[in-house]
Amino acid sequence: MREESFELAELISGYLLCNLTKEQEDRLMFLLEEDKERYKLLEAYRDATPFEQRLTNMNNLDVNEAWLKVDNQYRKSKTVIKPQYTFFKYAAIFLGVLGAFVFYLNSKQLDPSVVPDITKNYKNDVLPGTQKAILILSDGKEIMLDKENKTIANENGVEIINNDGQISYKGSNINETSTIQYNILRVPKAGTYTVILPDGSRVMLNAMSELSYPVTFNKKERRVKLKGEAYFEVAKDAVHPFKVILNESEVEVLGTHFNISSYDQTAKTTLLEGSVKVDNGEKSRVLTPGNQALVDKRNVSISKGDTQKAVAWCKGEFYFDNDEIEQVLVEIGRWYDLKLIYIKPLPNIHIGGHITRQSKLSEVITMLKEVSNLTFSIENKNLIVS
């Protein structure tokens with residue numbers, strides 16, 4: 001019985017960590033069917049708390065103290081046959097599961113966003129992105145940003161304050177001197193972050209995006225540089241035009257709300273409110289609300305835009321509307337920090353649908369499977385498409 005209990009502990013650990021073979025899974029099912037109490041034990045480990053919290057709890061656990069508590073309980077009841085057996089059975093499982101988690105906590109390859117899949121039959125699951133970014137100061141110093149509310153730096157008398165996924169600048173917003181210091185806000189894969197610029201303009205950056213901007217604007221204009229995607233709410237100031245510099249183009253505004261996606265050489269600007277002018281150095285066009293501009297080195301084209309789709313990411317949603325499957329997968333890969341592996345060339349299909357960006361990866365690809373007839377598998381942070 002004791003050997004079987006230790007075997008069960010090993011199998012439960014493997015189940016929670018998603019590394020059982022087919023034979024081991026069959027053996028676990030057999031052992032669970034022998035004793036219904038074992039199902040309750042498994043459910044307790046699986047559903048009591050989120051995986052990340054279990055890891056934190058295990059990391060803070062004093063193993064020796066935990067063992068002494070179990071051992072003392074055993075010694076008090078060792079004259080009774082049934083509790084003695086119960087002790088060996090569940091202490092073995094407890095220590096086995098504990099040992100497995102401690103081993104993985106000490107592994108350098110542990111990624112807290114990779115969790116067990118408990119409903120969709122994938123090898124593992126991946127958690128959605130969070131609010132995270134790196135702030136690069138004018139002297140090159142890098143600061144990892146989190147949700148803690150605190151003053152994180154001081155640039156030329158201007159305080160930089162971090163608060164719940166947003167940084168802001170407290171001090172003069174117009175610099176009358178010639179010396180301008182720049183900061184860079186860099187958002188990695190699986191992240192978003194917001195910055196309130198010195199003039200009060202609000203910019204929300206999507207995953208894999210970067211914004212370079214001055215700590216204080218000069219007296220002529222407000223100029224920032226964008227790579228990736230961002231949503232802008234620009235503070236109105238007719239005296240100081242606001243300009244966004246992209247790879248091959250420029251967007252100029254006085255006060256407006258718009259979204260820019262510029263992950264490659266073509267920039268897509270979608271206007272929600274106000275008026276903007278897009279310029280590629282040779283041609284320029286003025287956008288009106290509800291329209292979008294596609295701009296590259298050669299062309300500037302204007303068409304009706306989908307404002308709801310353009311800003312869906314800001315509102316925490318994936319929003320697909322007759323989109324090419326490859327672009328859909330690229331967007332998903334960017335948010336979950338995935339490597340996309342295609343077993344065969346993707347078919348020429350377009351899909352539609354929407355789902356919250358707070359979903360686990362398994363939930364998103366289940367939706368994709370239903371509308372595309374593609375097959376997906378998850379192995380760590382590899383999304384395999386066939």
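Here are the numbers for the structure shown:
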{"read-out": "Given (1) within 18 Å of Trp335 (Cβ to Cβ); (2) part of a strand (DSSP E or B); (3) among the charged types (D, E, K, R), number of the condition Arg223 does not satisfy", "value": "(1)"}
{"read-out": "When residues of the stretch 311-360 are limited to those that are acidic (Asp, Glu) and within 14 Å of the chain's Cα centre (by Cα), the one surrounded by the fewest Cβ atoms within 10 Å (Cβ to Cβ)", "value": "Glu317"}
{"read-out": "Options Glu155, Glu233, Glu229: the member that is buried (at least 16 other Cβ atoms within 10 Å of the Cβ) and in contact with a Leu (Cβ under 7 Å, 6 or more places away or on another chain)", "value": "Glu155"}
{"read-out": "Some residue of the stretch 305-316 being of a type in the set (Asp, Glu) and out of contact with any Asp or Glu (no Cβ under 7 Å at 6 or more places or on another chain)", "value": "no"}
{"read-out": "Selection within the stretch 265-314 - in contact with a helix residue (DSSP H, G or I) (Cβ under 6 Å, 6 or more places away or on another chain) and either modelled with pLDDT under 95 or not hydroxyl-bearing (Ser, Thr, Tyr) (or both)", "value": "Leu272"}
{"read-out": "Close pairs from the stretch 332-347: first within 9 Å of Ser386 (Cα to Cα), partner polar (S, T, N, Q) and assigned to a loop (DSSP other than H, G, I, E, B), Cβ under 8 Å, at least 6 apart", "value": "Tyr342/Ser386; Ile343/Ser386; Lys344/Ser386"}
{"read-out": "Close pairs from the stretch 197-224: first in contact (Cβ under 8 Å) with a residue 40 or more places away in the chain, partner hydroxyl-bearing (Ser, Thr, Tyr) and outside any strand (DSSP E or B), Cβ under 6 Å, at least 6 apart", "value": "Pro198/Thr216; Thr216/Ser172"}
{"read-out": "Ile302 being aliphatic (A, V, I, L, M) and farther than 29 Å from Tyr169 by Cβ", "value": "yes"}
{"read-out": "Any pair with Cβ under 8 angstrom, 6 or more apart, that starts in the stretch 367-386 at a residue that is farther than 16 Å from Leu338 by Cβ and ends at one that is outside any strand (DSSP E or B) and hydrophobic (A, V, I, L, M, F, W, C)", "value": "Ser372/Ile325; Ser372/Ile349"}
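The values are calculated or read from the model by the stated rules, or taken from the named source; none is laboratory data. Here the structure is a predicted model, which means the values were calculated and not measured. We place every Cβ from the backbone using ideal geometry, glycine too, and count neighbours over all the protein chains shown.
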